[in-house]
1. Select from region 59-93 the residues that are more than 16 Å from the ligand (Cβ to nearest atom) and hydroxyl-bearing (Ser, Thr, Tyr) and list them in ascending order.
2. Out of Pro185, Pro195, I need the residue that is more than 16 Å from the ligand (Cβ to nearest atom) and either outside the structural domain of Asp242 (by TED's automatic domain parsing) or free of Cβ contacts under 8 Å to residues at least 24 places away in the same chain (or both). Which one?
3. Within region 524-566, take every residue that is of a type in the set (D, E, K, R) and in a strand (DSSP E or B) and give me the one that is surrounded by the most Cβ atoms within 10 Å (Cβ to Cβ).
4. Could you say whether any residue in region 214-233 is within 16 Å of the ligand (Cβ to nearest atom), assigned by TED's automatic domain parsing to the domain that holds Val122, in a loop (DSSP other than H, G, I, E, B) and surrounded by fewer than 22 Cβ atoms within 10 Å (Cβ to Cβ)?
5. Filter the helices (runs of 4 or more DSSP H) completely within region 468-523 down to those with at least 2 residues that are out of contact with any helix residue (DSSP H, G or I) (no Cβ under 7 Å at 6 or more places or on another chain) and closer than 19 Å to Ala397 by Cα.
6. In the set Ala69, Ala57, Ala44, Ala88, which member is under 21 Å from the mean Cα position of the chain (by Cα) and touching a residue at least 12 places away in the same chain (Cβ under 8 Å)?
7. Does Leu106 fit the bill of being farther than 24 Å from Phe200 by Cα, assigned to a loop (DSSP other than H, G, I, E, B) and away from the ligand (no atom under 16 Å from the Cβ)?
8. I'm trying to understand the selection: among the residues of region 129-159, which are out of contact with any Gly (no Cβ under 6 Å at 6 or more places or on another chain), in a loop (DSSP other than H, G, I, E, B) and of a type outside the set (A, V, I, L, M, F, W, C)?
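The values are calculated or read from the model by the stated rules, or taken from the named source; none is laboratory data. Because the structure is predicted, anything quoted here is derived from the model rather than measured. Methodologically, a virtual Cβ is constructed for each residue, glycine included, from the backbone with ideal geometry; neighbour enumeration extends over all protein chains shown.
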Amino acid sequence: MSTVTSAELDLSADGTLLHRGSPDSAWWRSAVIYQIYPRSWADASGDGVGDLPGITAHLPYLRNLGVDAVWLSPFYTSPQADAGYDVADYRDIDPLFGALDDAKTLVSQAHSLGIRVIVDLVPNHSSDEHEWFKAALAAAPGSPERDLYMFREGKGDDGSQPPNNWQSVFGGPAWTRVTEADGTPGQWYLHLFDPKQPDFNWENPAVRAEFESVLRFWLDLGVDGFRVDVAHGLIKEAGLPDWTGAMNMLDLTDLDKQHPPMWDQDGVHEIYRGWRKILDSYNTTGDAANDRAMCAEAWVDPPERAALFVRDDEFHQAFNFDFLQTPWRATDLREVIASSYAANDKVGAPTTWVLSNHDVVRHASRLGLPIGTPRPNGIGADDAQPDAVAGLRRARAATTLMLALPGGAYLYQGEELGLPDHTTMPDAVRQDPTFARTHGKELGRDGCRVPLPWSKDEPAFGFNRTGNAWLPQPTVYGDLAVDQQEGVAGSTLELYRELLRIRKERDLGEGALSVLDEGADVLAARVETRAGTTQVLVNFGAEPVEIPSGATVLVASEPDVDTTLPTDTAVWFTV
Ligand code: NOJ
């Protein structure tokens, strides 16, 4: 086997400067934010669903991991038709997760450990069990109650056809017909997701006022910011024209033909400018450490449109889903890193990086699929199974690359353990509404939402004391449990701790980044910070790559790295 030598790699070249570094050191420009999916992190009550007291009890684990903040997926009162993204009361906690006092305790404990808390805000739709929607159903067509949501008359003489042809993201039509008080078939309401998630009418000032009040409620309780769900969906094109393009949040390939009338309408920006003023008003000292921040979940293409959400009077950050969707190839990753910085730097916003979340197949599984496989919506027992060894190896290398990149980074619970998806989950236990609404065509997101393994030999791998779990855990989770990795050299958990420690020590989140053009097999980058220069090298090729002589290795994604970098491995070093 031949080795690519450092003489062939010109790591001393200037490279191409892609990013000049942060204009200031506000925490949200470089924070590493850990996503907790409350249903699946830690279950103090033992009912099989995680809860707030469980989270609070395990916060020291996050301090030891070295993250700056947590983002909690929804814990509000909810019938859980979409795992909490169907909110019935925006100002209260679902009894499944605890009570408001538990939220207060969580926030104050996190703060005392130096961890900020970001909560999920779901403004596009509520639950159909929200008081407003119940009142809208009880009220007459044309009433102020109905105007809080998107009610329309149906088409055809008897109104029996939906108002337009929109499909819902979870499958099936985006409209449901209601029965009026007199028992006759009546109007239709819009739901871009499940029928149990009616869309709000954001043209109505009462909706705007309500959400401004909800923001204040959580800011008053002490949270540090918001992750905003479906931030690109609130305003719909006037007249609700038919749309024949793909109806999901990810496939925007028909943009050339027509801008999707339900996504990325210019009117959303005015709403966020109002929210930004509210957040800013909570920083009464002017010290950036007191900034409250918001991050947009906006599936928007091209990156220049996405960057509009992070202009300096709107969101602080937006998720960078392009990076998450990029195939494991040096050239593609180099390109997406360059385009991400180009778009965000133009508006002075930090770029964020993310590889996994509760909506996508975990990267340890995704990267184990043949390179270039389109991202699946779930993997099932009948599908070709990912290569677990290659997947984990690439996942560790991908994270090592990601955490070197200046900007913010999001980690999804359990990726620090190298967890794969549950890829052989029985269909009978699936709960994602996508599965039922597409009649099993889309498996959905349950595979990445499985309860976390804390200790190998306890019931439910230590998720609780009873052994209940709302989704089954695969047996492989036992060997990956926290207690199997803590303090074990070379474990994925210790790799993450090391990466986060060095990232902080060397200020990588705030640095300037140059990439060197080293062809298809190698991604080489240099991050300059006050702490010096850190080199990053990732080997995608089959042949090992020589690490320059004189280099001091800071951390590598595999334990066997010394003078050469094997395939699918990443390293940080100084020279
Ligand atoms: C995006 C969330 O991340 C996802 O989990 C949810 O199903 C949809 N928005 C609808 O709220």
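1. Tyr61
2. Details: Pro195 fails: more than 16 Å from the ligand (Cβ to nearest atom).
Only one candidate passes the filter, namely Pro185.
3. Narrowing region 524-566 to residues of a type in the set (D, E, K, R): 526, 528, 530, 543, 546, 558, 560, 562.
Narrowing further to those that are in a strand (DSSP E or B): 526, 528, 546.
Values: Arg526: 23, Glu528: 18, Glu546: 16.
Out of the qualifying residues, it is Arg526.
4. To start, the set of residues in region 214-233 that are within 16 Å of the ligand (Cβ to nearest atom) comprises 214, 226-233.
Subset that is assigned by TED's automatic domain parsing to the domain that holds Val122: 214, 226-233.
This time we only want the ones that are in a loop (DSSP other than H, G, I, E, B), so: 229-233.
Imposing the further condition that a residue be surrounded by fewer than 22 Cβ atoms within 10 Å (Cβ to Cβ) reduces the set to 229.
There is at least one residue in region 214-233 that is within 16 Å of the ligand (Cβ to nearest atom), assigned by TED's automatic domain parsing to the domain that holds Val122, in a loop (DSSP other than H, G, I, E, B) and surrounded by fewer than 22 Cβ atoms within 10 Å (Cβ to Cβ).
5. Working: elements: 476-479, 482-485, 492-505.
Once the helices (runs of 4 or more DSSP H) in region 468-523 are filtered for at least 2 residues that are out of contact with any helix residue (DSSP H, G or I) (no Cβ under 7 Å at 6 or more places or on another chain) and closer than 19 Å to Ala397 by Cα, what remains is 492-505.
6. Numbers: Ala57 fails: under 21 Å from the mean Cα position of the chain (by Cα); Ala44 fails: under 21 Å from the mean Cα position of the chain (by Cα); Ala88 fails: under 21 Å from the mean Cα position of the chain (by Cα).
Exactly one residue qualifies, and that residue is Ala69.
7. Values: farther than 24 Å from Phe200 by Cα: yes; assigned to a loop (DSSP other than H, G, I, E, B): no; away from the ligand (no atom under 16 Å from the Cβ): yes.
No; evaluated as a whole, the condition is false for this residue.
8. Quick first cut of region 129-159, residues out of contact with any Gly (no Cβ under 6 Å at 6 or more places or on another chain) only: 129-152, 154-159.
So of that shortlist, the ones also in a loop (DSSP other than H, G, I, E, B) come out as 129-130, 139-145, 150, 154, 156-159.
Residues satisfying the conditions are Glu129, His130, Pro141, Gly142, Ser143, Pro144, Glu145, Gly154, Gly156, Asp157, Asp158, Gly159.
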